[in-house]
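Engineer: Pasting a structure below so you can have a look.
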Amino acid sequence: MDFQHTSVMLHEVIDNLNIKEDGIYVDGTLGGAGHSLEVCRRLSEKGRLIGIDQDAEAIEAAQDRLKEFKDRAAIMRGNYCDMAEMLRKTGVTEVNGILLDLGVSSHQLDDKDRGFTYREEALLDMRMDQRQSLSAETVLNTYSEEELKRIIRT
């Protein structure tokens, strides 16, 4: 899988996280792990990075990218909205920093099979988490005009 991605504002993000080598950091939108790789490089063997993503392809790419740091990097599949519960389940009660790089990744936009692109003819999928059954195509073709207005305005 080709999951090339240049992390946006990498140095600014890393500088502002003010990483302590023995700290615990969460990347709630792990993606291709560009930011997380830099965090791991600054952690000692006592430090820990927890990466969360709901996209199976992103997780696979992140596992490959972070393989040299598997002693300090844990990757979890889920949504950052559930971060507190996910951390509690692993015994983490405090963290030193949290990173959320919100939005669609270039990988998701470039892969027409993901259904996010407008550059090519493709099915309208738009699911960040492929385990979800509801696609954008289903929503647009089955929801009423009123329901669509409510979604767009919310």
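The values are calculated or read from the model by the stated rules, or taken from the named source; none is laboratory data. Computed from a predicted model, the values in this text were never measured in an experiment. FYI the Cβ positions are ideal-geometry reconstructions off the backbone, even for glycines, and counts take in every protein chain you see.
Engineer: Keeping to the range 45-71, report how many residues are in a loop (DSSP other than H, G, I, E, B) and without any contact (Cβ under 8 Å) to a residue 24 or more places away in the chain. It would help to see each step written out before you state the result.
Structural biologist: As a first pass, look at the range 45-71 and keep what is in a loop (DSSP other than H, G, I, E, B): 45-47, 54-55, 66, 70-71.
This time we only want the ones that are without any contact (Cβ under 8 Å) to a residue 24 or more places away in the chain, so: 70.
Residues meeting the conditions: 1.
Engineer: While we're here: Being in the same structural domain as Gly31 (by TED's automatic domain parsing), under 15 Å from Met128 (Cβ atoms) and crowded, with 19+ Cβ neighbours inside 10 Å: is that true of Ile75 here?
Structural biologist: Values: in the same structural domain as Gly31 (by TED's automatic domain parsing): yes; under 15 Å from Met128 (Cβ atoms): no; crowded, with 19+ Cβ neighbours inside 10 Å: yes.
Answer is no for this residue.
Engineer: Still on this structure: Restricting attention to the range 22-50, and to residues there that are out of contact with any strand residue (DSSP E or B) (no Cβ under 7 Å at 6 or more places or on another chain) and among the acidic types (Asp, Glu), which single residue is surrounded by the fewest Cβ atoms within 10 Å (Cβ to Cβ)?
Structural biologist: Glu45
Engineer: Find the helices (runs of 4 or more DSSP H) located wholly in the range 83-144 whose residues include 3 or more that are closer than 17 Å to Gly32 by Cβ, and list them. First the steps, then the outcome.
Structural biologist: Values: elements: 83-89, 106-110, 136-142.
Output list reads 106-110.
Engineer: Within the range 2-21, which residues are part of a loop (DSSP other than H, G, I, E, B), surrounded by fewer than 17 Cβ atoms within 10 Å (Cβ to Cβ) and at pLDDT 95 or above?
Structural biologist: Correct list: Asn18, Lys20, Glu21.
Engineer: Of all residues in the range 101-128, which are closer than 15 Å to Asn79 by Cβ, surrounded by fewer than 12 Cβ atoms within 10 Å (Cβ to Cβ) and either in contact (Cβ under 8 Å) with a residue 12 or more places away in the chain or in contact with a strand residue (DSSP E or B) (Cβ under 9 Å, 6 or more places away or on another chain) (or both)?
Structural biologist: Answer for the range 101-128, where residues must be closer than 15 Å to Asn79 by Cβ, surrounded by fewer than 12 Cβ atoms within 10 Å (Cβ to Cβ) and either in contact (Cβ under 8 Å) with a residue 12 or more places away in the chain or in contact with a strand residue (DSSP E or B) (Cβ under 9 Å, 6 or more places away or on another chain) (or both): just Leu102.
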